[in-house]
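The values are calculated or read from the model by the stated rules, or taken from the named source; none is laboratory data. Keep in mind that what you see is a predicted model, and the values were worked out from it rather than measured. No Cβ is skipped: glycine too gets one built from the backbone with ideal geometry, and neighbour counts run over all protein chains shown. To get the accessible areas, we keep the full protein, side chains included, count just its heavy atoms, and leave off ligands, DNA and RNA. Shrake-Rupley method; radii C 1.70, N 1.55, O 1.52, S 1.80 Å.
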Amino acid sequence: MRQKIVAGNWKMNCDIAQTYELLDALKENELNDDIVVMVAPPFTNLQSANQALIDSTILVAAQNMHQSANGAFTGEVSASMLRSVGVETVILGHSERRAYFYEDNALLAKKVTAALENKMTAIYCFGEELEDRKTGKHLDLVERQLKEGLFHIAIGDWKQIILAYEPVWAIGTGETASPEQAQEMHAFIRKIVAKSYSEEIANKVSILYGGSVKPNNASEIFGKPDVDGGLIGGAALDAESFMAIVNAF
Ligand code: PGA
């Protein structure tokens, strides 16, 4: 059985007071042991979030990190710094990082390596733009994002990897991939992991879908056999919506 996961990517939202408020509201809910629930607040709130969740099974993830261990990289945060405040999971390659901060597959490969070296779990994000899909290039593009950014890792490292397929055209737009489109892509992703590594790894890795997942569409998307959960943006900022998505399995 693959691990089911719902992760909330808060992006650049929630100051410390709002972080406590949202976490308090989330903590009021009974969680199903079968589902890993994570939240990814901004860097400034990671340590506080971890402390606030000390008596909860909700995990705290970072939204990004630098690939170097330390040094003259003004404004950046390293894997060991995240570890030092108890954060063991990091989102890498989110489409907003790729688009606004020019992160490409080669850079992301280094970030993945740094995460693994620091014994962190990486949620590796990827997905096509609308133009790629319209021109029928989406499968090739996703394959390239995986091969160039991730497939340098050793077989044994896959237990520290979560995949997140997020079609760019569905992020924050209110437009979701149909459950069938998500399933088609997730099955394709599993196929290329199997080809490059093994069937066993392909069958074990959790693949999340992200892009306008809401309480009203989550169960249909999560119901597809190769969809193991979601990476949630906007709807993760409201405790009720986020918990409705967590409970949509
Ligand atoms: P969204 O964002 O749910 O607001 O579309 C998803 C994401 O960017 O991870």
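Output the residue which, of all residues in the range 195-218 that are in a helix (DSSP H, G or I) and open to solvent by less than 10 Å² (accessible area, probe 1.4 Å), is farthest from LEU163 (Cα to Cα). Break it down into steps so the answer makes sense when it comes.
The initial filter retains those residues of the range 195-218 that are in a helix (DSSP H, G or I), namely 195-196, 199-204, 218.
If we keep only those that are open to solvent by less than 10 Å² (accessible area, probe 1.4 Å) too, we end up with 202, 218.
Details: ALA202: 11, ALA218: 18 Å.
Of everything passing the filter in the range 195-218, ALA218 is farthest from LEU163 (Cα to Cα).
Among the residues of the range 224-240, which ones are within 10 Å of the ligand (Cβ to nearest atom) and either modelled with pLDDT under 95 or out of contact with any His (no Cβ under 9 Å at 6 or more places or on another chain) (or both)?
Those that are within 10 Å of the ligand (Cβ to nearest atom) and either modelled with pLDDT under 95 or out of contact with any His (no Cβ under 9 Å at 6 or more places or on another chain) (or both): GLY230, ILE232, GLY233, GLY234, ALA235, ALA236, LEU237.
Can you tell me which residues in the range 126-139 are under 19 Å from SER196 (Cα atoms) and open to solvent by 30 Å² or more (accessible area, probe 1.4 Å)?
LEU139
Working carefully through the options ILE245, ILE221, find the one that is within 16 Å of the ligand (Cβ to nearest atom), within 14 Å of VAL37 (Cα to Cα), open to solvent by less than 10 Å² (accessible area, probe 1.4 Å) and among the aliphatic types (A, V, I, L, M).
The conditions single out ILE245.
Which residue, of ILE123, ILE155, ILE162, ILE192, is open to solvent by less than 30 Å² (accessible area, probe 1.4 Å) and either more than 16 Å from the ligand (Cβ to nearest atom) or more than 19 Å from the chain's Cα centre (by Cα) (or both)?
Working: ILE123 fails: either more than 16 Å from the ligand (Cβ to nearest atom) or more than 19 Å from the chain's Cα centre (by Cα) (or both); ILE155 fails: open to solvent by less than 30 Å² (accessible area, probe 1.4 Å); ILE162 fails: either more than 16 Å from the ligand (Cβ to nearest atom) or more than 19 Å from the chain's Cα centre (by Cα) (or both).
From the options ILE123, ILE155, ILE162, ILE192, the qualifying one is ILE192.
Every residue, every condition in (1) open to solvent by less than 40 Å² (accessible area, probe 1.4 Å); (2) away from the ligand (no atom under 16 Å from the Cβ); (3) at pLDDT 95 or above; (4) in contact with a Pro (Cβ under 8 Å, 6 or more places away or on another chain), yes or no:
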| site | (1), (2), (3), (4) |
| --- | --- |
| LEU92 | yes, no, yes, no |
| TYR102 | no, yes, yes, no |
| ALA115 | yes, yes, yes, no |
| LEU141 | yes, yes, yes, no |
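Looking at this structure, is ALA62 closer than 22 Å to LYS27 by Cα, within 16 Å of the ligand (Cβ to nearest atom) and among the small types (Gly, Ala, Ser)?
Yes, satisfied.
Could you run through the range 157-180 and say how many residues are in contact with an Asp or Glu (Cβ under 8 Å, 6 or more places away or on another chain) and in a helix (DSSP H, G or I)?
Number of matching residues: 3.
Of the residues GLY86, GLY149, which single one is on the phi > 0 side of the Ramachandran plot and away from the ligand (no atom under 16 Å from the Cβ)?
When all the criteria are applied, what remains is GLY86.
Please enumerate the residues belonging to the range 57-75 that are open to solvent by 40 Å² or more (accessible area, probe 1.4 Å) and either in a loop (DSSP other than H, G, I, E, B) or among the basic types (Lys, Arg) (or both).
THR57, GLN63, GLN67, ALA69, ASN70, GLY71, ALA72, PHE73, THR74, GLY75
Among the residues of the range 32-54, write down those that are assigned to a loop (DSSP other than H, G, I, E, B), open to solvent by 20 Å² or more (accessible area, probe 1.4 Å), farther than 24 Å from LYS110 by Cα and modelled with pLDDT of 95 or more.
ASP34, ILE54
Condition first: aromatic (Phe, Trp, Tyr), more than 11 Å from the ligand (Cβ to nearest atom) and modelled with pLDDT of 95 or more. Can you find one or more residues in the range 197-213 that meet it?
Checking the range 197-213: at least one residue is aromatic (Phe, Trp, Tyr), more than 11 Å from the ligand (Cβ to nearest atom) and modelled with pLDDT of 95 or more.
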